[in-house]
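The values are calculated or read from the model by the stated rules, or taken from the named source; none is laboratory data. This is a predicted model, so every value here is computed, not measured. Positions of Cβ are backbone-derived with ideal geometry, glycine not excepted, and every protein chain shown enters the neighbour counts.
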Amino acid sequence: MLKISRAAFVERGLPLVLCVCVVIADQLSKGFIVRHFPVPDGSVIRDVFNNGVLQIIHVRNDVIAFSLGSSLPALVRPALFVGLPLAVLFLLVIYYFKSNDWTRLQRWAIAGIVGGGVGNIIDRIFPPGGRIGVVDFISVRFYGIFGFERWPTFNVADSAVVVCVILWVVAIFCGGVKQGSDE
């Protein structure tokens, strides 16, 4: 049986609070949009600052980021959009607990990535309001950068994944890997 010290348990277990918080925040925000604006028609629900920069819009994304996979047959999509992410998240969680190489910051970043992944997988397995697709509702003006007048609409889970991946990469390059091992 694997024996782990209390300190190591706290170091590995505590970041999972972030994972749970991301899933809860993501699902609550999506539930609010679905409950109060049930028809995902892509029209502006609210212009947050009345200047077109940040808008709330209810859309459903039945593919993945940047419409990748839109040309795939409908029967292939569940395997790629649910099965593959579940397998990756499963392997990531196993590596998270078995590896002694990650710093505290890297563990927090991975927990945020897992939380975001779980939030979007929940939408794919249990479509909110019975309509297929991940609920996206945040639309940000991007001023033509990378050819986007508006960044593709996203949600809390997407934000957590992007922010935590950036944080994880920065932590790897700036902090390296942890030296020594946990008990």
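A few notes on this one:
- Among the criteria (1) closer than 29 Å to Phe9 by Cα; (2) polar (S, T, N, Q); (3) touching a residue at least 60 places away in the same chain (Cβ under 8 Å); (4) surrounded by 15 or more Cβ atoms within 10 Å (Cβ to Cβ), the one Gln55 does not fulfil is (1).
- Verdict on Asp101 being closer than 27 Å to Phe148 by Cα and among the acidic types (Asp, Glu): no
- Residues that are over 17 Å from Arg60 (Cβ atoms), hydrophobic (A, V, I, L, M, F, W, C) and in a strand (DSSP E or B), drawn from segment 131-154: Val140
- So Pro85, is it touching a helix residue (DSSP H, G or I) at 6+ places or on another chain (Cβ under 8 Å), surrounded by 13 or more Cβ atoms within 10 Å (Cβ to Cβ) and part of a loop (DSSP other than H, G, I, E, B): no
- Residues of segment 152-183 satisfying the condition of being of a type in the set (Phe, Trp, Tyr) and at pLDDT 90 or above: Phe154, Trp168
- Note on segment 133-163: residues that are under 18 Å from Arg35 (Cβ atoms) and surrounded by fewer than 17 Cβ atoms within 10 Å (Cβ to Cβ) amount to 1.
- When Gln27, Gln55 are checked against the criterion of being outside any helix (DSSP H, G or I) and either modelled with pLDDT of 90 or more or small (Gly, Ala, Ser) (or both), Gln55 stands alone in meeting it.
- Residue within segment 159-176 that is of a type outside the set (A, V, I, L, M, F, W, C), farther than 30 Å from Val44 by Cα and either touching an Asp or Glu at 6+ places or on another chain (Cβ under 6 Å) or part of a loop (DSSP other than H, G, I, E, B) (or both) present: yes
- Residue match in segment 98-109 (condition: assigned to a helix (DSSP H, G or I) and surrounded by fewer than 16 Cβ atoms within 10 Å (Cβ to Cβ)): yes
- Boolean, Leu18 is over 16 Å from the mean Cα position of the chain (by Cα) and either on the phi < 0 side of the Ramachandran plot or at pLDDT below 90 (or both): no
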